[in-house]
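So the structure is just underneath, and the comments pick up after that.
The values are calculated or read from the model by the stated rules, or taken from the named source; none is laboratory data. From a predicted model like this one, the values you see are computed outputs, not experimental measurements. No Cβ is skipped: glycine too gets one built from the backbone with ideal geometry, and neighbour counts run over all protein chains shown. We work out accessible area using only protein heavy atoms, side chains counted, and drop any ligands, DNA or RNA first. Shrake-Rupley method; radii C 1.70, N 1.55, O 1.52, S 1.80 Å.
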Amino acid sequence: MAGRPASLSAREEGSFAYITIKDRTPQILTKAIDTLHRHKSEFFEKHGERGVEAEKKAISLLSKLRNELQTDKPIVPLVEKFVDTDIWNQYLDYQQSLLNESDGKPRWFYSPWLFVECYMYRRLHEAIIQSPPIDDFDVFKESKDQNFFESQESVIALCTHLQALASAVEGLDENQLKNEFFKLLQISLWGNRCDLSLSGGETSSQKTNIINSLEDLKPFILVNDLERLWSLLTKCKKTREKVPVTRVDIVLDNSGFELVTDLVLADFLLSSKLATEIHFYGKMIPWFVSDTTVRDFNWLIEQVKRSDHKWMSKCGTDWENYIKTGRWVYHDHIFWTLPHEFCAMSQVAPDLYAELQKAHLILFKGDLNYRKLTGDRKWEFTVPFHQALSGFHPAPLCSIRTLKAEVQVGLQPGQGERLAASEPGWLTCGKYGIFQFDGPL
């Protein structure tokens, strides 16, 4: 697409992309190898010697991958047949076609960061599926589950708040309803800080009651389009007699505490009648350490339901019921774990694009979704969000993201420069957040 800036890549020493490829990704692979090793006896109990051999094979493949990455070897095609193998290998050919003959093959430190980081997680998955009978093992499951268990007090506080709200929601006036809507959106935003890929897979749970911190965190919201979300959904609510369905789609990011904040928001959207149905989108394979898969989604709801805490358990029961009655719908699609920017979705995954077009509003959670929305490019800070989307407009959409990558658009003139002067790591520290909307005015 003409006029778009260059992709972020690890070729610039000291950049966040460089640090990710040089330090964080090898650390994540080392942790994955360690996880496999620690489950050796479990593999033996389940599968006998075949399980032990499979564990050795997976570790060997991951060690090879780590070495390729650390020595900046050429990117090689995927070999194991899977639903997306051909699409991935076509994309590798496309990356090759962008290079001059003198550049050789696509490589870890020179190709676009978005592509090579996604490729690393896809190769990690390939190592597992090449190692039956442990080919359904999720190397990130333990850390995702740990994040949930370590955030228990915050989860209880949030579920208690939601249940109190549910019993009072009918009596709230429009302004009170709006304030509660904004509060739960902010909780969902700051829940996005719990990202295990940013911490190299180390724990990043939520141990304080986030509800009490919202006022203090408001100055760190750099783009705040909450009023536009409210305006859109209240307009839908007022025309419910003509259009009985208001559908909100949530493209999920992290499991654990962040997923709880998203489910709490989704619950409120139904009880407040701002929406009539919620569609969630997760990943088909383990991804970026803490991203939500269908197993994580169902597991977390089951854990909440089985809690000894009255209000937490009530939330789990309600959420299970929403799924049974079709008011909550979970989807996964292989596109979410491809390396493509979202502006390619209508060509690469027209079925998914058509599904998103059915929504009245799409909420895109987290940093990876933002990178894919904007193409992970070196945009000027003041470029309008609509322009950076490069034609991706299935429905009105909003990015809800704490900043953990060196891409941000739609800022006021001078805003980015002032932040850089006062806090050099502002783009990647997860301290700042955005609610960035694109849709009709």
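Residue by residue through region 100-128, note down the ones that are open to solvent by 20 Å² or more (accessible area, probe 1.4 Å) and more than 23 Å from the chain's Cα centre (by Cα).
Those that are open to solvent by 20 Å² or more (accessible area, probe 1.4 Å) and more than 23 Å from the chain's Cα centre (by Cα): ASN100, GLU101, SER102, ASP103, GLY104, LYS105, ARG107, PHE109, TYR110.
Taking interchain pairs and intrachain pairs at least six residues apart, which have beta carbon atoms under 6 angstrom, with the first residue in region 184-196 and modelled with pLDDT of 90 or more and the second assigned to a loop (DSSP other than H, G, I, E, B) and not acidic (Asp, Glu)?
From region 184-196, the pairs are ASN192/GLY366.
Okay, residues lined up against (1) open to solvent by less than 10 Å² (accessible area, probe 1.4 Å); (2) closer than 21 Å to PHE335 by Cα; (3) assigned to a helix (DSSP H, G or I); (4) in contact with a Cys (Cβ under 9 Å, 6 or more places away or on another chain):
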| residue | (1), (2), (3), (4) |
| --- | --- |
| GLU42 | no, no, yes, no |
| GLU45 | no, no, yes, no |
| LYS57 | no, no, yes, no |
| SER60 | no, no, yes, no |
| ARG66 | no, no, yes, no |
| LYS81 | no, yes, no, no |
| SER131 | yes, no, no, no |
| GLU142 | no, no, yes, no |
| ASP145 | no, no, yes, no |
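Going by the structure shown, is GLN347 surrounded by fewer than 20 Cβ atoms within 10 Å (Cβ to Cβ) and farther than 26 Å from LEU214 by Cα? Before you say what the answer is, go through the steps one by one.
Values: surrounded by fewer than 20 Cβ atoms within 10 Å (Cβ to Cβ): yes; farther than 26 Å from LEU214 by Cα: yes.
It is true that GLN347 is surrounded by fewer than 20 Cβ atoms within 10 Å (Cβ to Cβ) and farther than 26 Å from LEU214 by Cα.
Taking the condition in contact (Cβ under 8 Å) with a residue 24 or more places away in the chain and either out of contact with any strand residue (DSSP E or B) (no Cβ under 8 Å at 6 or more places or on another chain) or open to solvent by 30 Å² or more (accessible area, probe 1.4 Å) (or both), does HIS279 pass? Quick ask: steps written out before the conclusion?
Details: in contact (Cβ under 8 Å) with a residue 24 or more places away in the chain: yes; either out of contact with any strand residue (DSSP E or B) (no Cβ under 8 Å at 6 or more places or on another chain) or open to solvent by 30 Å² or more (accessible area, probe 1.4 Å) (or both): no.
It is false that HIS279 is in contact (Cβ under 8 Å) with a residue 24 or more places away in the chain and either out of contact with any strand residue (DSSP E or B) (no Cβ under 8 Å at 6 or more places or on another chain) or open to solvent by 30 Å² or more (accessible area, probe 1.4 Å) (or both).
Could you give me the residue pairs with C-beta distances under 7 Å whose first residue belongs to region 350-363 and is surrounded by fewer than 12 Cβ atoms within 10 Å (Cβ to Cβ), whose second residue is in a helix (DSSP H, G or I) wherever it lies, and which are 6+ apart or on separate chains?
none
Look through VAL304, VAL329 and report the one residue that is touching a residue at least 12 places away in the same chain (Cβ under 8 Å), assigned to a strand (DSSP E or B) and farther than 27 Å from PHE16 by Cβ. Break it down into steps so the answer makes sense when it comes.
Values: VAL304 fails: assigned to a strand (DSSP E or B).
Every option except VAL329 fails the conditions.
Please verify whether ARG38 is surrounded by fewer than 17 Cβ atoms within 10 Å (Cβ to Cβ), of a type in the set (D, E, K, R) and in contact (Cβ under 8 Å) with a residue 40 or more places away in the chain, treating the condition exactly as stated.
On the way: surrounded by fewer than 17 Cβ atoms within 10 Å (Cβ to Cβ): yes; of a type in the set (D, E, K, R): yes; in contact (Cβ under 8 Å) with a residue 40 or more places away in the chain: no.
It is false that ARG38 is surrounded by fewer than 17 Cβ atoms within 10 Å (Cβ to Cβ), of a type in the set (D, E, K, R) and in contact (Cβ under 8 Å) with a residue 40 or more places away in the chain.
Take the residues of region 403-441 that are charged (D, E, K, R) and in a loop (DSSP other than H, G, I, E, B): which is surrounded by the fewest Cβ atoms within 10 Å (Cβ to Cβ)?
In the first step, residues of region 403-441 are kept if they are charged (D, E, K, R); the result is 404, 406, 417-418, 423, 431, 438.
Filter once more, so that each one left must be in a loop (DSSP other than H, G, I, E, B): 404, 406, 423, 431.
Values: LYS404: 23, GLU406: 18, GLU423: 12, LYS431: 15.
Selected residue: GLU423.
Spot the failing condition for ASP291; the list is (1) charged (D, E, K, R); (2) under 13 Å from the mean Cα position of the chain (by Cα); (3) open to solvent by 10 Å² or more (accessible area, probe 1.4 Å), and only one is missed.
Tallying (1) charged (D, E, K, R); (2) under 13 Å from the mean Cα position of the chain (by Cα); (3) open to solvent by 10 Å² or more (accessible area, probe 1.4 Å), ASP291 fails exactly one: (3).
For region 369-402, name all the residues that are in a loop (DSSP other than H, G, I, E, B) and either under 15 Å from the mean Cα position of the chain (by Cα) or crowded, with 21+ Cβ neighbours inside 10 Å (or both).
Of region 369-402, the ones in a loop (DSSP other than H, G, I, E, B) are 375-376, 378-384, 389-396.
Scanning region 369-402 gives GLY375, ASP376, PHE392.
Could you pull out every one of the strands (runs of 3 or more DSSP E) wholly within region 201-284 that has 1 or more residues that are of a type in the set (Gly, Ala, Ser)? Spell out the reasoning first.
Working: elements: 221-224, 247-251, 277-282.
The qualifying strands (runs of 3 or more DSSP E) are 277-282.
Failed condition for THR337, given (1) surrounded by fewer than 18 Cβ atoms within 10 Å (Cβ to Cβ); (2) closer than 18 Å to ILE285 by Cα; (3) among the hydroxyl-bearing types (Ser, Thr, Tyr), with all others met?
(1)
Given the criteria open to solvent by 70 Å² or more (accessible area, probe 1.4 Å), polar (S, T, N, Q) and within 30 Å of VAL348 (Cβ to Cβ), does GLN90 qualify?
Yes.
Checking the conditions here, which among GLU49, GLU55 is in contact (Cβ under 8 Å) with a residue 60 or more places away in the chain and farther than 22 Å from ASP291 by Cα? It would help to see each step written out before you state the result.
Numbers: GLU49 fails: in contact (Cβ under 8 Å) with a residue 60 or more places away in the chain.
Of the residues listed, the single one that is in contact (Cβ under 8 Å) with a residue 60 or more places away in the chain and farther than 22 Å from ASP291 by Cα is GLU55.
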